[in-house]
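The values are calculated or read from the model by the stated rules, or taken from the named source; none is laboratory data. Model, not experiment: these values are computed from the prediction. No Cβ is skipped: glycine too gets one built from the backbone with ideal geometry, and neighbour counts run over all protein chains shown.
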Amino acid sequence: MVRFGIVGVLNTVVDFALLNLLYHVVGLPLLGANTLSVTGGIVNSFFWNKHWTFSAGGWHRWWRQALVFVTVSLIGLVINDAGIYVLHVWSGGHPCWR
């Protein structure tokens, strides 16, 4: 359980750092930066959880595990992007993202 928590914190750091880098430094639109940062967190989560947290069965079935993991994670990404959009518009931001 501790490993799972550590990976969760690491994923949050990866997501937050990428979001700020892509939005504030690179200048990507907010929704694009958020989508890429969450995707980075998803990839990070899959590899750390597969190899360190759960040590799940080697690489012989990694593609199926990845497919299921990414499918569930994409649902989370859609919810995350919708939340970013709503909060951005509600806080007075322009819906065109720049």
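Condition first: under 23 Å from R3 (Cα atoms) and loosely packed, with under 12 Cβ neighbours inside 10 Å. Can you find one or more residues in the range 21-32 that meet it?
Filtering the range 21-32 for residues under 23 Å from R3 (Cα atoms) gives none.
No.
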So is T35 hydroxyl-bearing (S, T, Y) and in contact (Cβ under 8 Å) with a residue 40 or more places away in the chain or not?
-> yes
Enumeration of residues in the range 1-20 that are at pLDDT 90 or above, surrounded by 14 or more Cβ atoms within 10 Å (Cβ to Cβ), more than 22 Å from V89 (Cα to Cα) and hydrophobic (A, V, I, L, M, F, W, C) = L10, V14
From the set of residues in the range 37-52 that are out of contact with any Phe, Trp or Tyr (no Cβ under 6 Å at 6 or more places or on another chain) and hydrophobic (A, V, I, L, M, F, W, C), which is surrounded by the most Cβ atoms within 10 Å (Cβ to Cβ)?
-> V38
